[in-house]
Amino acid sequence: MRILIVDKSVIPVFLYGGTERVIWSLGHELTKMGHQVTFLVNENSHCDFASVIHINHELPILEQIKDDYDVVHFNFRPKDIESFKLPYIITVHGNTNSLEEFDINSVFVSQNHAFRYNSDSYVHNGLDWNEYAAPNFDVKRNYYHFLGNAAWRVKNVVGAIDVIKSTKKEKLKVLGGVRFNINMGIRLTFSPRISFSGKVGGEKKYNLLNGSKGLIFPVRWHEPFGLAIIESLYNGCPVFGTPYGSLPELVSEEVGFLSNNKDELSEAILNTEKYSPQRCHEYAKEHFNSKKMAVSYLIKYETVISSQKLNATPPKLKVQSTSKFLDWN
């Protein structure tokens, strides 16, 4: 199959970049399965296993796509997609509170994500774990971590900090944030038990995750998926988060604990020894790998190639939210 994957990003990614990691792993897996993959992405992108075409931002995206592909996989909704002649799907990676209809061939990234937009079309994200160093389970783990864009308030780094401060001696390393953040309402965090690493990648990120006892992830929105969850699990870290969005779907009782109550999460992390780092690692590899994702997407590709639609009706948000933040107490 000749597959074009389209995204307004630069590949490969070195630090932060969720969608970029997913499409890279997807393209690599599809190539290993014998398919011909081309990326249409931003300038400065390169790839050693697939062809790369750079987006010309002076021209409409659809005008840059030749009739050389069996299917086109967009990771955003292009303008005038209704006039596009090739079979296509659109993966929706984020949330919106708008009642505007999505494209009929939309794919969401978790069952909960799809359900909230009145759809049953979804594919879980997966990663190529061969590109990740294997965790060392002999390393002493003596802190917890938060992983995500800490400047984004729905990620609730403040909540993660409060969970740790509610314990007597546990420590937290914030991956993806800084100690002083005026945009967060002048967040000043002076506790010596909280340290900040900013945006990290590569070996530094691996070492930080490999030394962690668990991920503190008290998000206050319906997380569409959460690569931080599966990357942490892969590194042997159980997940302690809120029961919103995809989290109940991704985090089983054997690999984590969910609550929107600070005290309950604080109590749970004091019993981290009940979770096996080896099992967390195996769980991530088994359920959220790039091959499983690629096989699921191939079913979506074959559906649209056969002139069928992925949704019976255009997906649309079921209920608009009246509050920016979900409950946290």
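A short reminder: the numbers here are calculations on the coordinates, not readings from a lab. The shown structure was predicted, so the numbers you read here are calculated from the model rather than taken from an experiment. Note that we place each Cβ from the backbone using ideal geometry, even for glycine, and neighbour counts take in every protein chain shown.
Determine the shape class of region 131-287: with a ≥ b ≥ c the square roots of the Cα gyration tensor eigenvalues, call it rounded for a/c under 1.5, and otherwise prolate if a/b is greater than b/c, oblate otherwise.
Numbers: a/c = 1.39, a/b = 1.27, b/c = 1.10.
Here region 131-287 falls in the rounded category.
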* **Relative contact order %, region 131-287, counting alpha carbon pairs below 8 Å whose residues are six or more apart** => 24
* Asked: Which of the trypsin sites (Lys or Arg not before Pro) found in region 235-329 are loop residues per DSSP with 15 or fewer other Cβ atoms within 10 Å of their Cβ?
  -> LYS309, LYS316, LYS318, LYS324
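Rounded to a whole number, what is D in µm²/s for region 219-273 from Stokes-Einstein with the Kirkwood radius over alpha-carbon pairs (20 °C, 1.002 mPa s)?
Values: Rh = 11.3 Å.
Approximately 190 µm²/s, per Stokes-Einstein.
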* Structure fact -> Once both label points are put 7 Å beyond Cα along the C-beta direction, the HIS54-ASP263 separation in nm becomes 5.8
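Between PHE76 and GLU100, what's the calculated FRET efficiency when r is the beta-carbon distance and R0 is 25 Å? Round to 0.05. Please list the in-between numbers first.
Details: r = 14 Å, r/R0 = 0.57.
Rounded to the nearest 0.05, the efficiency is 0.95.
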* Across region 169-174, in residue order, what do the Karplus-derived ³J(HN,Hα) couplings come to in whole Hz, using 6.51 cos²θ - 1.76 cosθ + 1.60 with θ = phi - 60° and x for Gly and Pro? -> 8, 5, 10, 10, 10, 8
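Would you list the membrane-span-like helices of the chain, meaning whole DSSP H runs whose alpha-carbon atoms span at least 27 Å along their axis and whose mean Kyte-Doolittle value is at least 1.0? Please report the intermediate quantities before stating the final value.
Numbers: long enough: none.
Qualifying helices: none.
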* Asked: Do any trypsin sites (Lys or Arg not before Pro) in region 38-133 lie in a loop, going by DSSP, with at most 10 other beta-carbon atoms within 10 Å of their beta carbon, and if so which?
  -> LYS66, LYS79, LYS85
* To do: Anything over 29 Å Cα to Cα? Flag those among LYS8/LYS291; LYS292/LYS324; LYS32/LYS140; LYS262/LYS292; LYS79/LYS205, in the order listed.
  => LYS292/LYS324; LYS32/LYS140; LYS262/LYS292; LYS79/LYS205
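Quick one: work out the % antiparallel among DSSP beta bridges in region 131-287, nearest 5.
Counting DSSP beta bridges with both partners in region 131-287, the antiparallel share is about 10 percent.
Stretch LYS168-LYS85 to full length: gain in nm at 0.36 nm per residue minus the Cα-Cα span? All intermediate terms of the calculation are to be shown ahead of the outcome.
Values: separation 83, 0.36 × 83 = 29.88 nm, distance 6.15 nm.
Stretched fully, the LYS168-LYS85 segment lengthens by 23.7 nm.
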* Largest to smallest principal axis extent of the C-alpha atoms in the chain, angstrom -> 62, 44, 37
* Asked: Considering only HIS145, GLY201, ILE305, whose Cα is most displaced toward the positive end of the charge dipole of the chain, charges sitting on Cβ of Lys, Arg (+1) and Asp, Glu (-1)?
  -> HIS145
* Using the Cα centre as the reference, give the magnitude of the dipole from point charges on the C-beta atoms of region 131-287 (Lys, Arg: +1; Asp, Glu: -1; all else neutral), rounded to the nearest 20 debye. => 860
* Using DSSP, restrict attention to beta bridges with both residues in the chain and report what percent are antiparallel, rounded to the nearest 5. => 5
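Which value, in debye to the nearest 20, describes the size of the charge dipole of the chain about its Cα centre when Lys and Arg Cβ atoms bear +1, Asp and Glu Cβ atoms bear -1, and nothing else is charged? Write down the numbers at each step before the final one.
On the way: 37 positive and 35 negative charges, 267 e Å.
Here the size comes out at about 1280 debye.
Taking the Kirkwood radius as the inverse of the mean 1/r across Cα pairs, report the Rg/Rh of region 1-149. Provide the component values of the computation, followed by the final result.
Working: Rg = 17.2 Å, Rh = 17.1 Å.
With Rh from the inverse mean 1/r over Cα pairs, Rg/Rh is 1.00.
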